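These notes are about the structure you will find just below.
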Amino acid sequence: MDMPHLHCLSCRWRFQRLSTAVNTKEEEVVSSFLSSNMAPSRRLRRVAASQPGFLNLKTDSGGAALAGGRRKRLNKNKKKSWNKHSDINDVDAFLEDVRLQERTTGGLLSEKSDESLFFLDAGPPKDQRVSQPAEEQKRSKGKAWRPLRIDLILQRDSLVPIPKDVLAYQKPNANNNPNRDYYDMWREEPKDTSDPWFLQQTGKKRVPRPERMNEKPSVLPAVEVIAAGGSYNPEFFSHQALLQEAHNVELKRQKEEDRIAKQLAVNKEHFATEETVMKEQVEGLVEEEAEEGEEEAASEEDVAVGAIVMAEKKTERQRRKERVEKLKVQRRQANRAKSDKRQQLFQLNSIKKTIKERETNTKVKQEQRKSNQEAEKAQPRRLGKLKFQPQDMEVQLSNELAGSLRRLKPEGSVLKDRFKSLQKRNLIEPRERAKFKRVLKVKYVEKRAFREIT
């Protein structure tokens, strides 16, 4: 009876050993899995902690929470996904801790000395103790006196030093001259208000207008005065001169119309006759012997042209002779150039005369070019696809003249005159009235009420 009992005990012991082995194996697998997942975060934390002057003031409890999560398979092949799925909490915590140390202690704690960090607080000295006002002592009735909260809020709680020289950190954008002084508008010192740079920076003086914008597009006046012959009671000769000018304009326009009509006219020789029609119909139907002979001659010429002509090879004697001739030609040209230079010494007077003539010609051309440029300023330029068309001259015939303003017959339109003046002075481009093109046809429909009446 004892043997079976002992056998059962041994089996139970073996089972316990196997279970413990399995548990330990599972723990090793889990720990290895967690360590592989936590490797990047630990590496970041280790790099952050290894920075010089780092002293962690806050406890990080996020490591245990990260250990319990399952690792996700993420693609970080793009910048957007990398920024989205990267864990930078450790780096942010490190930077926030550095900022906290700078605000509270004025720098990193590892760089501070013990005397600056620790001191013996024995209370303020007697001469520096602030006595509480009598009125506030009565109001407090024995309570400890404390400053107001608004005073505590306004107190400076950061030990980061303020930059003393603000101008050293500010660089004006528009100051292209380094030797020019930069004005600080918030400085209490008075500035000289006559300096143009100071007035421009403070907005009290406008930026100067460019010179090219001050130039007028045309030298013509806004309102041109008509000639003396256009008066309601003009002199005889001035009126005749104005009529002659209008006659020349109409004559020029008539010649242009005649020229266009002549170009568009059809010549009588170009009309088709019975002979030309018959010749055109028969062409290509009758074969002639002359054409065959011409084709044979052309074929023989093609064969002769197509043959390859072999060039004869030159002998050594011929080549030597060509080289000697070439050297003679070169020497002859060099001697001729030398003789020409010698002859030029005796031609100095004529050369000076030609130079003076060229200078006078260039001066005349320059003056002519300037005069042409000045004349072009008074002419309308080509601003668009259309050319400027001058307005018709407003002139009255001799029998249409009136002796007084009351019986004067009006000519032209003020609106058209101003519009043409703007075009002539290059202020607007020449235009034409837009052509209205109807997209859909007009459809007439009789309404029911109209149909009942009819």
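Sort VAL445, VAL277 by heavy-atom solvent-accessible area, probe 1.4 angstrom, most to least. If you can, show how the numbers build up before the last one.
On the way: VAL445 110, VAL277 60 Å².
From most accessible down to least: VAL445, VAL277.
How long is the gain from ASP121 to GLN330 if the chain were fully straight, where each residue apart is worth 0.36 nm and the alpha carbon distance is subtracted? Mind showing how you got there, number by number?
Working: separation 209, 0.36 × 209 = 75.24 nm, distance 11.03 nm.
Working it through step by step, the gained length comes to 64.2 nm.
On full extension of the chain, what length is gained from SER218 through LYS365, given 0.36 nm per residue of separation minus the C-alpha to C-alpha distance? Write down the numbers at each step before the final one.
Details: separation 147, 0.36 × 147 = 52.92 nm, distance 2.39 nm.
Extra length from SER218 to LYS365 when fully extended: 50.5 nm.
Could you list the GluC sites (Glu not before Pro) in the range 396-454 that lie in coil according to DSSP, counting only those with at most 16 other Cβ atoms within 10 Å of their Cβ?
On the way: sites: GLU400, GLU411, GLU432, GLU446, GLU452; in loops: GLU411, GLU432, GLU446.
For GluC sites (Glu not before Pro) across the range 396-454 that sit outside H, G, I, E and B with at most 16 neighbouring Cβ atoms in 10 Å, the list reads GLU411, GLU432, GLU446.
How much of HIS270 can a 1.4 Å solvent probe reach, expressed as accessible area in Å² and rounded to 10?
Taking all protein chains as shown, HIS270 has close to 150 Å².
Which residues does a label at LEU405 reach in the range 220-261, if reach means a backbone N under 20 Å from a point 7 Å past the Cα toward the Cβ?
223-235
Order ASP121, ASP90, ASP195, most accessible first, counting only protein heavy atoms with a 1.4 angstrom probe. Could you put the intermediate results ahead of the total?
Details: ASP121 125, ASP90 20, ASP195 45 Å².
So the residues, ranked largest to smallest area, are ASP121, ASP195, ASP90.
With every protein chain left in place and a probe of 1.4 Å, what is the accessible surface of MET213, to the nearest 10 Å²?
Result for MET213: roughly 90 Å² accessible.
Just to confirm the filter: which chymotrypsin sites (Phe, Trp or Tyr not before Pro) across the range 353-454 are DSSP coil and have at most 13 other Cβ within 10 angstrom of their Cβ?
Details: sites: PHE388, PHE419, PHE436, TYR444, PHE450; in loops: PHE388, PHE436, TYR444.
Of the chymotrypsin sites (Phe, Trp or Tyr not before Pro), the ones in loops of the range 353-454 whose Cβ has at most 13 other Cβ atoms within 10 Å are PHE436, TYR444.
Which value, in Å² rounded to 10, gives the accessible area of LEU251 with a 1.4 Å probe and all protein chains present?
80
The values are calculated or read from the model by the stated rules, or taken from the named source; none is laboratory data. Predicted, not measured: the structure shown is a model, and the values here were computed from it. Ideal geometry is used to build each Cβ from the backbone, glycine not excepted, and the neighbour counts take in all protein chains shown. Calculation scope for accessible area: heavy atoms of the full protein, side chains included, ligands and nucleic acids excluded. Shrake-Rupley method; radii C 1.70, N 1.55, O 1.52, S 1.80 Å.
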